[in-house]
1. Within region 1-19, how many residues are among the aromatic types (F, W, Y) and touching a Phe, Trp or Tyr at 6+ places or on another chain (Cβ under 6 Å)?
2. If a residue must be assigned to a helix (DSSP H, G or I), more than 8 Å from the chain's Cα centre (by Cα) and surrounded by 11 or more Cβ atoms within 10 Å (Cβ to Cβ), how many such residues does region 16-41 contain?
3. Would you please list the contacts, defined by Cβ atoms under 7 Å and residues six or more apart or on different chains, that run from a residue in region 1-15 that is assigned to a helix (DSSP H, G or I) and open to solvent by less than 100 Å² (accessible area, probe 1.4 Å) to a residue that is of a type outside the set (A, V, I, L, M, F, W, C) and at pLDDT 80 or above?
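The values are calculated or read from the model by the stated rules, or taken from the named source; none is laboratory data. Fair warning: this is a prediction, and the values are worked out from it, not measured in the lab. So basically every Cβ, Gly included, is an ideal-geometry build from the backbone, and we count neighbours across all protein chains shown. We work out accessible area using only protein heavy atoms, side chains counted, and drop any ligands, DNA or RNA first. Shrake-Rupley method; radii C 1.70, N 1.55, O 1.52, S 1.80 Å.
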Amino acid sequence: MKEIEVIIDTEEMAEFFYNELTKRGYIPSELELDTIADIAFDYLLEKCIIDEDLEDIE
């Protein structure tokens, strides 16, 4: 299987979740969105869909 580089931006994920939740009638707070994005990121890590590269974090 070919390996590809994927960059996951939790701020972008939070914006996506905000847009999708508001379409469904939910108005989450910024803290709730950050929490949801962090949980989604952790899920991707746990399922080995992504691998956290700590060298690129500033």
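1. Qualifying residue count, region 1-19: 0.
2. Matching residues across region 16-41 total 9.
3. T10/D38; A14/D34
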